[in-house]
Amino acid sequence: MSAEDNKRIVAGLWACLYRKDYEGLAAHLAPDAHYEDVPAPDAGARGPENVVKRLRSGLDAVERFEHEVHRVVGEGDTVVVEHTETWHFATGERVTNDFVTVHELRDGKIVLWRDYWDLGTLMAQ
């Protein structure tokens, strides 16, 4: 697949996430997909079902998202997205966090999703 095809697939994954369409999100992932929050002290999640469980554990409480994409770079089977997420909670709190996310694709599916962000920034809010 071309880098442009891969960028479209990644954009589809993000669209599903921000709609909380977890079934659609899982459909973008390869059976052996690995998701990792780099600053977190664990190894992340492997496989679409476990990735969705991990995402939901942190994001189910988010009422709505704002998502600002700053740039997307695609080369070969890798897509890098620099973006800012703002999470709005029903209780009125709001958290804004900057990310760089690396995706690796194989045969039209995401096999690696690695989020880089600052834990201190998140916790300070």
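The values are calculated or read from the model by the stated rules, or taken from the named source; none is laboratory data. It should be emphasised that the depicted structure is a prediction, and the values quoted were computed from it without experimental measurement. Ideal geometry is used to build each Cβ from the backbone, glycine not excepted, and the neighbour counts take in all protein chains shown. Areas reflect the complete protein model, heavy atoms only, side chains present, ligands, DNA and RNA absent. Shrake-Rupley method; radii C 1.70, N 1.55, O 1.52, S 1.80 Å.
The residues on offer are T91, T84, T96, and the sole one that is open to solvent by 70 Å² or more (accessible area, probe 1.4 Å) and more than 17 Å from K109 (Cβ to Cβ) is T91. Residue count for the range 1-52, restricted to those that are assigned to a strand (DSSP E or B) and not aliphatic (A, V, I, L, M): 7. Within the range 25-32, not a single residue is in contact with an Asp or Glu (Cβ under 6 Å, 6 or more places away or on another chain) and open to solvent by 50 Å² or more (accessible area, probe 1.4 Å).
Suppose the filter is touching a residue at least 40 places away in the same chain (Cβ under 8 Å) and surrounded by 17 or more Cβ atoms within 10 Å (Cβ to Cβ); does D115 pass it? Yes: the conditions hold for D115. Scanning the range 10-39 for residues that are under 19 Å from E66 (Cα atoms) and hydroxyl-bearing (S, T, Y) turns up Y18, Y22. The C-beta contact set for the range 34-59 (first residue open to solvent by less than 70 Å² (accessible area, probe 1.4 Å), second residue of a type in the set (S, T, Y), distance under 7 angstrom, 6+ apart or interchain) comprises V38/Y116; G44/Y35; A45/Y35; V51/Y35; V52/Y22; R54/Y35.
When the range 34-51 is filtered for residues that are over 18 Å from F99 (Cβ atoms) and within 13 Å of the chain's Cα centre (by Cα), only P48 remains.
You will find that of E63, E104, the residue that is under 27 Å from D5 (Cα atoms) and not in a loop (DSSP other than H, G, I, E, B) is E104 and no other.
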